[in-house]
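See structure below.
The values are calculated or read from the model by the stated rules, or taken from the named source; none is laboratory data. Keep in mind the model is a prediction, meaning the values are calculated, not measured. A quick note on method: Cβ atoms are made from the backbone with ideal geometry, for glycine too, and the neighbour counts reach across all protein chains shown.
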Amino acid sequence: MSQPPLFTIKDLKLTFGGKPLFEGLSLQICPRDRLCLVGRNGCGKSTLLKVIAGLIEADDGGFFTQPGTKISYLPQDAELPEAVSMRQHLMDQTGCATFEAESWLGQVQLDPDQTMERLSGGEKRRLLIARAMVVDPDIVLLDEPTNHLDIPAIEWLEETLKSFRGAIVVISHDRSFLKRVSAQTWWIDRGELKANDKGYADFDRWTEALLLEEERQLEKLNAKLRLEEDWLHRGVTARRKRNQGRLRQLMTMRDERRSRLQNRPKGASLGGVSGDVSSKVVIECHNLTKYFGDRCVINGFSTIIQRGDRIGIVGANGAGKTTLLKLLLKQIPLDEGKCHVGASVDLIYLDQMRDALDPTETLWETLCPNGGDQVMIQGKPRHVMGYLKEFLFDPKQVRSPVSILSGGEKNRLALAKAFTQPGNLLVLDEPTNDLDMDTLDLLQEMLYEFEGTLLIVSHDRDFLDRLVTSVIAVEGDGTVIEYAGGYSDYLDKRMAKPVNTAKLEKKIPEPIRPKTERKVSFNEKHEYEKLPSSMDALEKEIGLIELKLEDPAFYQNHPQEFTSLSARLEQAKQELDAAELRWLVLSEKIEG
């Protein structure tokens, strides 16, 4: 028998600045719920969390909370008193006992006696997590809990939430995190709250089905209405399909990177890096070593980064990721070894703090500092209005000052500005902070189309899995190792212990092992070789159909052909999805 809900809202109405944000919204939170709340930046996710927490008063609606229910809230950011110890802060804010405060601060690896004058972003986030959890709430509301956390801290938080006895509502841009902690999904879409009884792992399938049904309904309306509604999700769904199709290209690039790493001569001396534009080598380093006092931060690291490589840099906060990055870019001196950067390398750097933005400038002035209405993107001119629209900005915002943008909007603008700079080496430091899922898809597409070399420092595991050809892991004890593949590949190889192969074999599910050990038949090999050309043909067909359907006059002049092409478009997309899945299955089997 299901338990009654702990918290209920019925017919919520909330207006900001005369504009309705929510109208007729209803929800309920039950014991042990694992809810993720997703939607575009600015759709009201954080506002809804504050309404549930009782920090914002609604204009109208029915609210009910089970007597005795404790609701705890983790904000995106909070002002902290500098002169107070962390122990005292938890006790003052929550009324917890001393031993409870010290216990939770110990779990998040913070010193209870330390005051809060100079906390890093990660330390501040861990303190706020402890503050939310120390009261043992029945419902905990988490707004971007993984921001500024390193991967070990994120993994600890995942395990903590899995064993938490209360209900969880979480907002996060971290897909891997959401897949691991959520069992139900709320999606805010144009002021409506849509619910799915499955976790975030089902989000793409679920939303694609909803949007497909919506497009079918729109096809029954006139072309003008369809044109007015094109901003909804057409671009988003198209990006998702393209990004999925690029998986096989990424796998090929990873194979090339793996081959180079495996065949690299040990102890080879540093070769000269050509300054010619056609030089393939971007960065070459040998026995890179750096000390801070008696501590060896980087100990004897060697690598060759070539044009087109996509390198992810991972490690715990304080392990030495930024130090390694600065050594590779020759921004700080090394103590031992050699490092050479190609003379033709032009650097584009997107820092974590987004310091390149002037808050007094408008969005237009930020992208066109010398006037005019054109921006150059990878050597091609684009109108600034159309370019900003790609980054999900409303045309009404282009004359607004940067200072009024939200954190996520500032991130989108900083990314847009970065891609207007000429260069062939793009360095991104935590690019995914404060970005919603749609913007992450957009960023992924922009990075796929970037023809140069990428260095990405990130704690977003899903983002790294989708983009990088190899991972450089900074372990914190001076050890730096490069692994071909994404973050999941790095994790699998790092966890492997050859001395305990018998134990590892027992952990492999039995149904999976025969698949990787079976011989590949002639027909399967032939099918594997033919699939890429079939997928290319389907992608071209989909592109041509989409181009036709985007013409507003096409529906008016050819309504029957519009209907048949729409049906063929959906069928072609399904065929492409099936072909990609089959290619990946055969690829894993052949490699195995």
Name, by its number, the condition in (1) closer than 17 Å to Ala78 by Cα; (2) part of a helix (DSSP H, G or I) that does not hold for Leu149. (2)
Arg87 passes all but one of (1) crowded, with 16+ Cβ neighbours inside 10 Å; (2) in contact (Cβ under 8 Å) with a residue 40 or more places away in the chain; which number fails? (2)
Pairs with Cβ under 6 Å, 6+ apart, first in segment 94-112 and touching a residue at least 12 places away in the same chain (Cβ under 8 Å) and surrounded by 12 or more Cβ atoms within 10 Å (Cβ to Cβ), second of a type outside the set (Asp, Glu) and in a loop (DSSP other than H, G, I, E, B): Thr94/Val134; Thr94/Val135; Cys96/Val134; Glu100/Val134; Glu102/Pro112; Trp104/Val134; Leu105/Pro112
Can you say whether Leu21 is buried (at least 18 other Cβ atoms within 10 Å of the Cβ) and within 29 Å of Asp150 (Cβ to Cβ), as far as the supplied structure shows? no
Filter segment 405-432 for residues that are basic (Lys, Arg) and surrounded by fewer than 22 Cβ atoms within 10 Å (Cβ to Cβ) and give the result. Lys410, Lys417
How many of the residues in segment 556-570 are in a helix (DSSP H, G or I) and without any contact (Cβ under 8 Å) to a residue 60 or more places away in the chain? 9
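For every residue, the table says whether it meets (1) modelled with pLDDT of 90 or more; (2) of a type in the set (Lys, Arg).
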residue: Leu334; (1), (2): yes, no
residue: Val345; (1), (2): no, no
residue: Glu365; (1), (2): yes, no
residue: Gln378; (1), (2): no, no
residue: Arg382; (1), (2): no, yes
residue: Pro395; (1), (2): no, no
residue: Pro401; (1), (2): yes, no
residue: Ile404; (1), (2): no, no
Go through segment 335-385 and count every residue that is over 30 Å from Gln306 (Cβ atoms), of a type in the set (S, T, N, Q) and assigned to a loop (DSSP other than H, G, I, E, B). 2
Does segment 386-404 hold any residues that are outside any loop (DSSP other than H, G, I, E, B), exposed (fewer than 13 other Cβ atoms within 10 Å of the Cβ) and in contact (Cβ under 8 Å) with a residue 12 or more places away in the chain, and which are they? Ser403
Does Lys179 qualify as being outside any loop (DSSP other than H, G, I, E, B) and closer than 30 Å to Gln107 by Cβ? yes
Say whether the condition of being part of a strand (DSSP E or B) and not β-branched (Val, Ile, Thr) is met by at least one residue in segment 432-453. no
If I ask for residues that are out of contact with any strand residue (DSSP E or B) (no Cβ under 8 Å at 6 or more places or on another chain) and either surrounded by 12 or more Cβ atoms within 10 Å (Cβ to Cβ) or under 27 Å from Ser172 (Cα atoms) (or both), which ones from segment 373-385 would you list? Ile377, Gln378, Met385
Every residue from segment 324-339 that is surrounded by fewer than 17 Cβ atoms within 10 Å (Cβ to Cβ) and touching a residue at least 40 places away in the same chain (Cβ under 8 Å): Ile332, Asp335, Glu336, Lys338
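Residue-wise test of (1) touching a residue at least 60 places away in the same chain (Cβ under 8 Å); (2) within 22 Å of Thr439 (Cβ to Cβ); (3) exposed (fewer than 14 other Cβ atoms within 10 Å of the Cβ).
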position	(1), (2), (3)
Ile9	no, no, no
Thr15	no, no, yes
Leu27	yes, no, no
Cys30	yes, no, no
Cys43	yes, yes, no
Leu48	yes, yes, no
Gly61	no, no, no
Thr69	yes, no, no
Under the condition of being aliphatic (A, V, I, L, M) and not in a helix (DSSP H, G or I), which residue from segment 510-553 is modelled with the lowest pLDDT? Ile512
